[in-house]
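Written below as structure tokens is the structure these notes are about.
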Amino acid sequence: MTGVYGKFSQEQIDKYKKILHKKIHWLLLYKDPNMKNQFPTVDVNKYFEYLLKEINGASVVLNYPVQIIEILSLLQAAYDESHKETYDWEVYRKLVLDAHNLVDKIGD
């Protein structure tokens, strides 16, 4: 895959995808209603905002692949859902899982 700073090997892309999978997965754990007491010191909003900025940076570096734009869109929708008065865990969860699944398509 060719990016702003040259060519990235498949190994580099695979390692990035593995890291991104883990970071997105934490969005589920932090908001899971059955685990909300497990992470009392985590500021989920800051984590979310930081992750969105980080993924946006990767999008720039990798020349705006469609998959990353889709991931950002889904995660932004999940963030917005988590701030609604009528927050729906199932909708949030589906959006995050859809974004999580798209990670594997980066570089295709």
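Coordinate-derived values only; no laboratory data. Keep in mind that what you see is a predicted model, and the values were worked out from it rather than measured. Here the Cβ positions follow ideal geometry from the backbone for every residue, glycine too, while neighbour counts run over all protein chains shown.
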ask   = Which lysines have a Cα lying under 19 Å from the Cα of K105, excluding residues fewer than 8 positions away in the same chain?
value = K7, K15, K17, K18, K22, K23, K94
inquiry  = Give me the dipole magnitude in Debye, nearest 20, for the chain about the Cα centre, with unit charges on the beta carbon: positive for Lys and Arg, negative for Asp and Glu.
reply    = 340 debye
query = In whole Å, what is the distance between the alpha-carbon centres of the stretch 75-108 and the stretch 1-73?
reply = 12 Å
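Within 10 Å, count the other beta carbons around each residue, average over each peptide in 91-102, 45-56, and list them highest first.
Values: 91-102: 18.4, 45-56: 14.3.
The peptides rank, most packed first, as 91-102, 45-56.
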task = Could you state the angle between the C-alpha long axis of helix 44-61 and the longest principal axis of the C-alpha atoms of the chain, as a value from 0 to 90 degrees rounded to the nearest 10?
result = 10 degrees
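Counting pairwise Cα distances across the chain, what percent come out greater than 25 angstrom? Walk me through the numbers before you get to the answer.
Values: 1276 of 5778 pairs.
Of all Cα-Cα pairs in the chain, 22 percent lie more than 25 Å apart.
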query = Helix 89-102: angle to the longest alpha-carbon principal axis of the chain, degrees 0 to 90, nearest 10?
reply = 10 degrees
note = Given Cβ charges of +1 for Lys and Arg and -1 for Asp and Glu, the option among H83, V61, L102 whose Cα lies farthest towards the positive end of the dipole of the chain is V61
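Tell me the net charge near Y47. Cut-off is 13 Å between Cβ atoms, Y47 excluded, with +1 for each Lys or Arg and -1 for each Asp or Glu.
Values: positive: K22, K23, K31, K46, K53; negative: D43, E49, E54.
Result for the neighbourhood of Y47: +2.
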